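Structure, as structure tokens:
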Amino acid sequence: MPGKSHTSGGYNGSVMFVRILPLLLAIPCLAQDVLWYRQPARAWFEALPVGNGRLGAMVFGGPAAERLQLNEDSVWAGEKRDRINPLARQALPEVRRLLAAGKLREAEDLADKALIAAPRRMPPYQPLGDLHLRFPGHESFQDYRRELDLSAAIARTTYRSANVRYTREVFSSAPDQAIIIRLTASKPASLRFIASLTREADAKASSSADRIDLDGEAIARGDHFQGERPTGVRFHAVLKIFPEGGHLTARGAELQLEGADAATLVLVAATAFRHPDPFERCNLELGWKKRDYSSMRAAHLADYRRLYQRVVLRLGDTHPSDLPTDERLERVRQGAFDTALEALYFQYARYLLISSSRPGAMPANLQGLWNEQLAPPWESKYTININTEMNYWPAEVLNLPETHEALFELVDRAREDGRHVAKVMYGASGFVLHHNTDLWGDAVPIDGVRSGIWPTGGAWLSLHFWDHYAYDPDRDFLARRAYPVLKEAAEFFLDTLVEDGKGHLVVSPSISPENRYRTKAGVVASLCMGCSMDNEILDALFRGVSEASRILNLDAAFRDRVENARKRLIPPQIGKYGQLQEWAEDYDEPEPGHRHFSHLFALYPGDRITLRGTPALAKAARISLERRLAAGGGQTGWSQAWVVNFWARLEEPEKAHQAVVTLLRRSTGPNLFDTHPAGKSSVFQIDGNFGGAAGMAEMLIQSHAGEVALLPALPAAWRDGEVKGLRVRGGMEVNMRWSEGRLREAVLHPKADTTFRLRAPKGQSFLDGRTPVYTLHAKPGSEWKLMLQ
């Protein structure tokens, strides 16, 4: 093999490092990266999503009646406004005093009255509308197939009707900032349809020679918003039809095309959030659409594949390609295993992240980009006590760092209101965000005490900047983007941490997100001082900002303040059951199977608790996890996805894999969307898709605690497989191939001048056959190959 050998001590059947000329594992883009079905979507949970970060659609694929449910990411009800409770600043010291005195009910009553925002709820993200295409005579059809090709980001429907084969392709183009629909027929002059744009409320459609316009405003609906001024973001959408042959006519608010060979439909949309005149913006964008369909399709593919093709995954050889996706999922629900479906689920998450989060667009919200309801569950906003963060867990490791930019842009926008809330409500510098934010970056505590009084959301989001730097050590990004956010987040807590009377500094008031505790006196409460999650997030924040300050050689005095405060945080504590405590006191839980695992932040996504570095705490975290699961925890999709990551960090491959299977069996819809139980039905939340994929990556590679672990949690079901393009902290891409449960080959692509500590899979070792860790000194542009027996 060309290149210089870097082995020592002989080969001995263990591992050999060789620096090599460019080499990649030969993994093709797999044909299995397709969701497909034998029938049209009968409900929203069966429709297939397309998106370009800003514009999205759910494609139903009905032969006689096609529906594209449409979204534009800035169609939100409400407006930017100051919602700080005027009583907050005066009441805050009293709430703290009542908590310290153990008067929990009084503290919660005052906090609910004086700290929660006015109004109490944030307005919702809403749909843009619906595009309907009616095809008279297509009620009878044969040879039907509906699919979503993940490798092309194209939804396709094909069928025969009256001896004519009809094909539809739908994609949302980032280069053209439009949704493109291509309709073709196998016989000339056979294409006939009627198009319309509609919305459930607050919009009006009109048509002209070759276009339909939809003009409207997003208005909040539902009991929560009664009495508020009816206002929202103004929007405009245009559908323009480019027929090939035939006759196009306008009838009322509809367009009818008769006798065409084919047609291309282009849908654009704009809102007043970004443009002062959405109508004129739509006209401007349509003026740019002068390329033919093939050119727009080629531009879309080039843009999308640049991102998607970075990572390829194969798990096992099982691939029942003769079965559609919904039937495969049903087989898994009935007890079968389908590792190829698991790999498809993994890649689907990458597809969804590319499609719902692009630079310049809004980040993925609770439903990513796709929402059909005017009053969606939890307003389909940004819930930042776990859900938004989980959306971006896969961004770095799954080689989609560009998708993180949309989140960074929202945080930058939210810092403005976060500074205002910090100053007016808390009398503090820096910035604060509570458990939710919205289009405008609202920073106030909302809803109620049990969920809203949690001031650590901004701190957690700031850690995403630090993690982005960890995966790509770009000093300019650290100085220009990451450090200012980290510093401002830390400044708020340096100003607001309070003494607990035992020598510690704690966050007060706060909660362990959405959970409650029971005191020895039998009082059940949410509001607390110094919960474990706050301590763990602040420990990570203070470590990050201190290290960033040291790297940039900035703010030595500020760094000293941060490090001194970090030493006074309450360290992780082990309770009476051997569990990791969730609160500063060893309280019992009224709901031991709660869906949140907040106190396990330090295990994942944090890194303070590790198997080898803190074995006692890792054992306590495991006990907490087992107790919560035994009591019924992990019932929501996102909660079960978090479980995958926990078991991966604890290097329990079979338990991690069982959590993946449970996610598919219990919390996945026919279109592979993650589900969340809501009463007797389920609703869509995209976080489980992203968290599940991140957990699968964590089973294959880990890069926390100063080392890169290869196949740390490989289950028996994945005994054979290969992966290309995973990223690790420090700046490196890794390709791996394994068989019979043993790593056979890995190719490393360092992107930075860094030293990597590599940990071999269990039962394998480096160099002399006895060393589980190998230190690699690498430079960018080099490539290294590991071969194991």
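The values are calculated or read from the model by the stated rules, or taken from the named source; none is laboratory data. Since this is a predicted model, take the numbers as computed values, not measurements. Here the Cβ is made from the backbone with ideal geometry for all residues, glycine too, and neighbour counts use every protein chain on show. Accessible surface is based on the protein model in full, side chains and every heavy atom, while ligands, DNA and RNA are left aside. Shrake-Rupley method; radii C 1.70, N 1.55, O 1.52, S 1.80 Å.
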What is the distance, in nm, between label points placed 7 Å from the Cα along the Cα-to-Cβ direction at LYS567 and at LYS762? 3.9 nm
For every helix of n ≥ 4 consecutive DSSP H residues, a contribution of -39,500 (n - 2.57) applies; sum these over the chain, divide by its total residues, and give [θ] at 222 nm rounded to the nearest 500 deg cm²/dmol. -9500 deg cm²/dmol
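Quick one: with all protein chains in place, what share of the accessible area of the stretch 410-478 is carbon or sulfur, to the nearest percent (1.4 Å probe)?
Values: 810 of 1770 Å².
Carbon-and-sulfur percentage of accessible area, whole number: 46.
If I take every Cα pair under 8 Å that is 6 or more residues apart in the chain, average their sequence separation and divide by the length, what percent do I get for the relative contact order?
On the way: 1878 pairs, mean separation 110.4, N = 789.
Result for the chain is 14 percent.
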Cα centroid separation - the stretch 602-645 against the stretch 75-99, whole Å: 33 Å
What distance in nm separates the two pseudo spin-label positions at LYS204 and LYS779, each 7 Å out from Cα along the beta-carbon direction? 6.9 nm
Taking a 27 Å limit on the Cα-Cα distance, which of the listed pairs LYS502/LYS576; LYS113/LYS567; LYS487/LYS619 fall beyond it? LYS113/LYS567; LYS487/LYS619
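Suppose a student asked you for the relative contact order of the stretch 395-482, using Cα pairs under 8 Å spaced at least 6 residues apart; what percent would you report? It would help to have the intermediate numbers written out before the result.
Values: 111 pairs, mean separation 20.4, N = 88.
Rounded, it is 23 percent for the stretch 395-482.
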With unit charges on the beta carbons (Lys and Arg positive, Asp and Glu negative) and the dipole taken about the Cα centre of the chain, which residue among ALA630, SER598, LEU700 sits farthest to the positive side? LEU700
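Quick check: convex hull over the Cα atoms of the stretch 652-762, volume per residue in Å³, rounded to an integer?
Numbers: hull volume 13.4 nm³, N = 111.
Convex hull volume per residue, Cα atoms: 121 Å³.
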How many Å² of accessible area per residue for the chain, probe 1.4 Å? 35 Å²
How high is the relative contact order of the stretch 459-538, in percent, counting Cα pairs under 8 Å that sit 6 or more residues apart? 24 percent
What is the percent carbon and sulfur in the accessible area of the stretch 295-364, measuring with a 1.4 Å probe over the protein chains and ignoring ligands? 47 percent
Can you compute the charge dipole magnitude of the chain about its Cα centre, using +1 on each Lys and Arg Cβ and -1 on each Asp and Glu Cβ, nothing else charged? Give it in debye, rounded to the nearest 20. 1060 debye
Cα-projected label distance for GLN90 with GLU258, points at 7 Å along beta-carbon direction, nm: 7.3 nm
Pairs of lysine in the stretch 673-789 with Cα under 25 Å and at least 8 positions apart or on different chains: total? 7
Enter the Cα centre distance for the pair the stretch 702-773 and the stretch 257-330, rounded to the nearest angstrom. 35 Å
